[in-house]
Structure formats: C-alpha cells, structure tokens
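Only one structure is covered here, and it is reproduced in the block below.
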Amino acid sequence: MNKNIKLAVAGAVLALSATAANAGIIIPAGEWTLDISGNVNTYATWTKMSGTQSFGYANYWAGRGSTNNLLGNGGNGSGQTAQNMTTGLLPNYLSVAGSTRQNDLDVTFLISINPGSSTTGAGLQSAQNGNAATQENRQAFLTFGDKSWGSIKLGKDLGVFASDAILNDMTLLGVGSGAGGLNGNTTTTGRIGTGFMYADWKAQVAYTTPNFNGFQATAALTQAWNAGGGALSATSVNRGGAAPAYEGKASYSFAANDVTGKIWVSGIHQKVAQLSATSAAGDLSAYAGDIGANVNVAGFGLTGYYYAGSGIGQTVQLYNGFDTRGEARDSNGGYVQATYVLPTKTKLGVSWGMSRLEDNGTNDNDNRFRR
C-alpha cells in the first residue's frame, strides 16, 4: 500500500507570547443582558520543517511531487525555516453577546470579529473562500429554546463535525503547528491537518437536545461546500451545492468525585454537486465520522481521537477529497495527548497525531491505499 502519512512536525518552534486575557463586561439593558468580551494574543515563532510536505497539509498533487501545498507555504519542507509574528490557533477577537428570557423562551445572540496580528495572509477559513485577508468574521448567530425541549441555532458558528476535536486540542490556547504563520496567515493551525479535520465556521440551522444527565445531541443542516478545482481534484474553494450538508454529534459528560470526562461521536454527509470537467460523472458523496474521549483527574488529562471518511479530503473539508477520475479518496487520522495543570494554573502537555489521505491515482494500475 502506498500511504500518504501526514505527521505533526513542529520541531524547533519557540513561541513567546503577549496576551491580554478575555474579561467579559456585563451590561444590563432592559430585558437583555449584554456581555462584551475579547482576547488579544501575539506569538513570535521560529519553525523548522522536514519531509516532503510542510506540516501535514495535503498538497495539490498529494504525493505527486508538487511543492505547493494547501495554504501556499511553498517549499518541500526539507530544512526550511521561517520566522513569523502572528496570533496563535485562536485569533484576536471582540464579541458582543446578549441573552434574555421572553415568552417562555431563552433567547441569545453572539456576533464576533476576529482580526489577525500578522501583516498579510489568508488563514484557514479564507483559504476556502478565496479572500486573502487577516480579518475574519467567524460568528453571527442567535439561539432560542427552553431547557425542557432544547434549543435551535440560526446563523454562522463552528461546524458540528470535528468540533470537539479542535475544542479539546491542547494547542487551542497556544500555537501548535506554526505552518499557518509562514505566509502571515490569520492564525497558526494547532493540530488541524495533523490529527483532525477543520470544523470551519458555517452557516447552519441546528437543533440541540436538552441535557439528559450528561447526554446531549445536536443535528444540523449546514452550508455545503462546492467541489471544484479543475483537473487537480475536488477542492472546497467555494460555498454552495445542490443540497445542504447533514451534520450531527452526540456526547456524554460525566463526573464522579475528582474524575471528569466526556465521550463523543460526530459525523457529516453531503452530496458533491460539481467536479472538474475531466472527472467522471455520477452521484458523488462525501462523508466522515469520528469518535473521541477525554478524562481528567487530579490535574492530569488524557485525550484520544480518531476519524475516518470518504471524499472528505484532508485538513479542510472536501479539499482533495476526489481523485482526477472523480473517485472518492479515503482519509483517516487521529491524535492522542496528555496534559498536566500545575498549581500555578500553567498547563503542560504533549501530543502526537497524523492525518492520512489515499493517493491521487490516475488509472486502475496505480498502487493506491484503497478501501
């Protein structure tokens, strides 16, 4: 089998940060309560790469020799070094949230703006919509519901599939892989592409159940990605599609004495409406599922995660998900991490992960990693 393995390589990364922690300002406003909060962080990173592809991003030819990868970092990664000053995995943000109880409904809204610290760049989200900018607008949604029957969300927020993977990534409040900062992108990339898929920020209609003694589930219709990209393969550079994507997740949280933890599963399925003119025609689909768990006791934390899919691509959803013949490419990956919180509230941790995408074959004689 010809396996295309993407390992996290963040060797020789030194990060110095200056952070202004978010501190919410609560403002009563009639029947509403407003909460203004934010975060500012800046990291100086020094990164050295090895291997034929930088930091696990699926490049356009997926192992066919090209040195141009997903976010345009360039280079073959062999001994390449870079220095950058940018935000960590989280961008700077300023958000305004509001909540109220009216007509027997709990109603909330949240709007955020997310400027980067770097001078130029595209960022993960902008890599999909084609806008080169350091300004992102990740959240703009409202919810309404009641604890007796659940809640409904309308608007733009973090996607459902793989959301728990990124929210449990220990680098969420730090840097992780520095590859995203090589060209001054809005953020670094944590373990995105080297352990899990990017959940992205999506327009959605989502229903979340009440919390049943720790069990909770979410079902959502989200904005589908178009698949395009000419003869290279399907890429998620545009929004849209013949039908919405279907996403869902279920989780169980538990606590017993000093032990807390969570187990979750999630999935995604969508029709692929458009491939390149050279690709095979047919009714194509992209889908993926995952499972993860974490447990915490006495300051120690342990997390394990695994995902697998077909046509979903790697790093960002649908990117290189289909080969040049229009056949879905299988992908899988996962990560494990262990952390410890010191009495000073400083968290130490170590993690390992990989993402794998089958070869981009052009004929039936290719030695591919198949289903």
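The values are calculated or read from the model by the stated rules, or taken from the named source; none is laboratory data. As the structure is a computational prediction, the values presented were derived from the model and not from experiment. Using ideal geometry, Cβ is built from the backbone for each residue, glycine included, and neighbour counts are taken over all protein chains shown.
What do you reckon, is K202 of a type outside the set (S, T, N, Q), modelled with pLDDT of 90 or more and under 22 Å from N137 (Cβ atoms)? Working first, answer last.
Details: of a type outside the set (S, T, N, Q): yes; modelled with pLDDT of 90 or more: yes; under 22 Å from N137 (Cβ atoms): yes.
Judged against the criteria, K202 is a match.
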For A140, the lone unmet condition from (1) within 24 Å of T47 (Cα to Cα); (2) in a strand (DSSP E or B) is (1)
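Filter segment 79-94 down to residues that are in a strand (DSSP E or B), of a type in the set (S, T, N, Q) and surrounded by fewer than 19 Cβ atoms within 10 Å (Cβ to Cβ), then give me how many there are. Steps first, please.
In the first step, residues of segment 79-94 are kept if they are in a strand (DSSP E or B); the result is 81-86, 93-94.
Now restrict to residues that are of a type in the set (S, T, N, Q): 81, 83-84, 86.
So of that shortlist, the ones also surrounded by fewer than 19 Cβ atoms within 10 Å (Cβ to Cβ) come out as 81, 83.
Adding up the residues that qualify gives 2.
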When the residues of segment 309-341 are filtered to those that are in contact (Cβ under 8 Å) with a residue 40 or more places away in the chain and among the aliphatic types (A, V, I, L, M), which remaining residue is surrounded by the most Cβ atoms within 10 Å (Cβ to Cβ)? I312
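Mind checking which residues of segment 185-208 are outside any loop (DSSP other than H, G, I, E, B) and either polar (S, T, N, Q) or over 18 Å from T86 (Cβ atoms) (or both)?
First, pick out the residues of segment 185-208 that are outside any loop (DSSP other than H, G, I, E, B): 190, 192, 196, 201-208.
F196, W201, K202, A203, Q204, V205, A206, Y207, T208 - these are the residues of segment 185-208 that are outside any loop (DSSP other than H, G, I, E, B) and either polar (S, T, N, Q) or over 18 Å from T86 (Cβ atoms) (or both).
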So, in segment 313-341, exactly how many residues are under 18 Å from A165 (Cα atoms) and either outside any loop (DSSP other than H, G, I, E, B) or among the small types (G, A, S) (or both)? 10
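Quick check, is T218 over 15 Å from T87 (Cα atoms) and either modelled with pLDDT under 85 or not in a loop (DSSP other than H, G, I, E, B) (or both)? Break it down into steps so the answer makes sense when it comes.
Details: over 15 Å from T87 (Cα atoms): yes; either modelled with pLDDT under 85 or not in a loop (DSSP other than H, G, I, E, B) (or both): yes.
Considered against the rule, which asks whether it is over 15 Å from T87 (Cα atoms) and either modelled with pLDDT under 85 or not in a loop (DSSP other than H, G, I, E, B) (or both), T218 comes out as yes.
Taking segment 264-298 as the region of interest, how many residues are hydroxyl-bearing (S, T, Y), modelled with pLDDT under 80 and surrounded by 15 or more Cβ atoms within 10 Å (Cβ to Cβ)?
As a first pass, look at segment 264-298 and keep what is hydroxyl-bearing (S, T, Y): 266, 276, 278-279, 285, 287.
Restricting the remaining residues to those that are modelled with pLDDT under 80 gives 276, 278-279.
If we keep only those that are surrounded by 15 or more Cβ atoms within 10 Å (Cβ to Cβ) as well, we get 276, 279.
Final tally of qualifying residues: 2.
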Answer yes or no: is there a residue in segment 231-254 that is of a type in the set (V, I, T), in a strand (DSSP E or B), under 16 Å from the mean Cα position of the chain (by Cα) and modelled with pLDDT of 95 or more. no
